[in-house]
1. If I compute solvent accessible area with a 1.4 Å probe over the protein chains, what percent of it on the chain is carbon and sulfur?
2. Any chance you could run the full-extension gain for R291 through V242? It's 0.36 nm times the residue separation minus the Cα-Cα distance, nm to one decimal.
3. Quickly work out the T204-to-D68 label distance, labels modelled 7 Å from Cα along the C-beta direction, and quote it in nm with one decimal.
4. Between the alpha-carbon centers of the range 270-291 and the range 19-72, tell me the distance in whole angstrom.
5. Under a straight-distance cross-link criterion of Cα-Cα below 28 Å, which lysines are reachable from K314, leaving out those fewer than 8 residues away in the same chain?
6. ³J(HN,Hα) across the range 277-286 via Karplus (A = 6.51, B = -1.76, C = 1.60, θ = phi - 60°), whole Hz, x for Gly/Pro?
7. Taking mean projected area of the Cα convex hull in nm² straight from the coordinates, which label in (1) 21.1; (2) 16.4; (3) 17.4 is the correct one?
8. Accessible area per residue, 1.4 Å probe, Å², for the chain: what's the number?
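The values are calculated or read from the model by the stated rules, or taken from the named source; none is laboratory data. Bear in mind that the values here come from a model prediction, so they are computed numbers and not experimental data. For neighbour counting, all protein chains shown are included, and Cβ atoms are generated from backbone atoms with ideal geometry for every residue, glycine included. For the accessible areas, the whole protein counts, side chains as well, though only heavy atoms, and no ligand, DNA or RNA atoms are used. Shrake-Rupley method; radii C 1.70, N 1.55, O 1.52, S 1.80 Å.
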Amino acid sequence: MNSCFAAERYDVTPLPFIPFSNIGGEALNNNGVVVGGIANSDGSVSLAEWSNGVLTNLGVPPGLPSQDFKLPRVFGINDCGAVVGTIHTSAGDLPSRWFMYERGRFSVLPLADPTHLGGAAIGINNRGGVVGYDHTSSNRVIGWLWSNGAYSSLPVSGTSTTALGINSSGTVIGNRRLRLIRRLFTGQWRCTGERGYVLSRGTTQYLNGFVYAINDSGEAAGGSTSDGQAMATVFKNGIATVILSLPSHAVGINSAASVVGSYQPAGYNRRHLFRWSANSGAFDLTPDGYRSAEAAAINGRGDILGFGETVGGKSGYFLLTPDPNGGLTPKALITAP
């Protein structure tokens, strides 16, 4: 075990964004900038950027095709500060459109197909490549890539596909669902959940697990299922390595292959936040005063974006920042009641 990591401490900074369970969202870049949704005094929701303790209201994406589209939700930000997400109506997640905020301007793009019910942009890389998915008129989900001002379909099989992340070299990750007949032929007939893929230079590699994040080295983080239990997993060159043998999943991985996610402590019914590295293993980083916490992202500096519920019942976001004088010390994972 790496004693330096074990002794690493963190500052815990509450963030003013709307909780995930409402219509907020979350994204963190390598410069420590966080974006999300904030509530205005008139009840509307704006995008906002938090950096070094300063909150900046970015405004609201223009409503298209009507002004009923006024509720934004953030999913991704790159190191240049370009933000992507989705904007929908107060009726729910559908219909929706996806937007980009870049250099002080909002762009709301049309659907990949005009017959689709809605779309969401999930990830953006530093070259401006964007990935996401659309809901078709039959309510299937289809992943796409937006690059150089045009949509591209992804060569990924499955009845429903999503694209969730894209790294600096253009490698795309996401998940898919298989038709029953395909599950029978591939021996996966018992599995009705999602299966991940990695798409690199036109070649698709299918994974025995699901993925949510990818770093610039092509390592993906997510989970794999054994005996009906999902466990946090890292995928490298198609090889799955379970990193936590507790009910868990990973949602972020940085350039140093440090992974964050959430796990189910033994004997508890609420989730806790964990960080893992190959040298140090896994530690619990649930902030003091929180009854539950989950990770949303980790950047190259080791900052961790999370959300949870305090012992007082208040939900919200927080940022964990490495600091030798910080008030939060990594704890051992709870493996027994």
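1. After summing per-atom areas, the C and S share lands at 49 percent.
2. Net length gain for the segment: 15.1 nm.
3. Reported label-point gap for D68 and T204 is 3.4 nm.
4. With the range 270-291 and the range 19-72 each reduced to a Cα centre, they are spaced 27 Å.
5. Counting by Cα, and skipping residues close in sequence, K314 has these lysines nearby: K70, K331.
6. 9, 4, 7, 10, x, 10, 9, 7, 10, 5
7. (3)
8. 45 Å²
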